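Read the figures in this text as sums done on the coordinates, not as results from a lab. Keep in mind it's a predicted model, so treat the numbers as computed, not measured. We place every Cβ from the backbone using ideal geometry, glycine too, and count neighbours over all the protein chains shown.
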Amino acid sequence: MVKICEVGGKRRREKIVFQLGEIAAPISIGELGICLEQGKSLMVAVQRAIVTIQSKALADHAKQEVRSELGVSLKDYRRRRIQTPYGLAELHVPRLERHGVVSPITNWPSNCRSIPEFDSIRAAMSAWMSYRATEKILCGLLPMDSGRHHTTLRNQVLELGKAAEVSDEAATPLAVAKKMNLGLDCTFIRSNEPDLGRLHEVLFGHIEQPHAMSRVFASIGETPELRATRIGENLSRAGMTKSTAVTTFTDGGVGLRQLAKASGLSTMPILDWHHVAQRLQHVRQAAKGLKSTVPDLPHVTVQIIAEVERLRWRLWNGKPGAVAEAIEKIRPLVRTKRQTSKARRPVRPWAALMSTLFALRKYTTGQEAWMIDYARRHRRGERVGTSQTESAANTLVNKRMNKSQQMRWSVAGARSLLNVRAAVINGDLAPFAISA
């Protein structure tokens, strides 16, 4: 038996809110403690009892206001139905009339139909998983009466995403940062608006600074000017000032570098090592594949693999011209051995190796001005690539909206969901009161 006791007055009041019944020995493991349904019923009963007490306290407070202030009278009581995680709370809220102006005694929003804590729970879960999956989990765990349908969850995220976008503009900056790293990249999600194309481009960024939590942001369906403004706002929100040293990493795209410059960053962006290593990995795979495709020339394969590994070391130490030198060393080996060998071998393995080398040379030649000595920077304990940015892309966009997903998105819907997901990741999800 569960009782609620009211103390502090002249007499002690007790009220039975729930009876568990007979508690037997837990012969089965499933009988240990209370089951989920009993827990739901218990919380509903406790919630109703507390709301009843609060409703009476509101009425007493209204009467006290009438007695203590001149020109104030009790107008009426309005019935309010507020959804909470533990069921629907129904109470009568008194309204006071002050000099002809009627207003409720509470400062609740006029369209409030659920408590902010419940709104935050639903929004956070809806941001991380599909709306139907969120509906099933909420219905399985919480004794909700309403506000659990997947369409309600979707509408709430859309409204909360718009509110989060407005709040970011007026957000107060964090502590001033001496230095920070900014990673910029783009990804694509499927579009359900044929007029705008099959795919929507999503710009996302990852701001990292020492001894502080990383921040992420995203932009979709915005002009380059608005994107540059969004980058600057998020940097300022993270604590950037004129004296802050900001290191920008991009994948080598001209558009991302122009956005970084337009956002007010004066330092030259760095070509991150992650994208160089991706293209270098194609060369390494082609070289190692010669062991199985050309088994009759093991000494040539060993020399080529060693040269490719040497190439990786030289690129790591900031020498983009090493690719052309590696091509000049590997090409004679390939040509000479093909002419002198008696065994007939396919040309494709050699062609695949040389084509990947030529592609790497073209890439490093075009990006030479933005390549640095990655080894020296790494030894200083500083960031050399956007691996954290790629991880942020998976967390923010791909796992929910792109990879292994068949959903198609509108610009407005994707923007609202991205705003909510970013707010959840950054810890900025404010307890907005959303109409359920």
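So the values come out like this:
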{"quantity": "Size of charge dipole - segment 2-104 - debye, nearest 20, with Cβ of Lys, Arg +1 and Asp, Glu -1, no other charges", "calculated": "480"}
{"quantity": "Cleavage-rule hits, trypsin sites (Lys or Arg not before Pro), segment 225-323, DSSP coil, Cβ neighbours within 10 Å at most 12", "calculated": "Lys242"}
{"quantity": "Spin-label pair Ile16/Ile305, simplified geometry with 7 Å Cα→Cβ offset, distance in nm", "calculated": "8.0"}
{"quantity": "Loop-exposed GluC sites (Glu not before Pro) per DSSP, neighbour cap 11 Cβ within 10 angstrom, longest uninterrupted part of the chain", "calculated": "70-436"}
{"quantity": "Radius of gyration and maximum dimension Dmax of the chain, Cα, Å", "calculated": "31.6, 111"}
{"quantity": "Residues whose placed amide H lies under 5 Å from that of Gln209, excluding near-sequence neighbours", "calculated": "Asn181"}
{"quantity": "Estimated [θ] at 222 nm from DSSP helical runs (n ≥ 4, -39500 (n - 2.57)) normalised by residues in the chain, nearest 500", "calculated": "-15500 deg cm²/dmol"}
{"quantity": "Among the listed pairs Lys3/Lys136; Lys40/Lys75; Lys261/Lys362, those beyond 27 Å (Cα-Cα)", "calculated": "Lys3/Lys136; Lys40/Lys75"}
{"quantity": "Dipole magnitude (debye, nearest 20) for the chain, charges at Cβ of Lys, Arg, Asp, Glu", "calculated": "1460"}
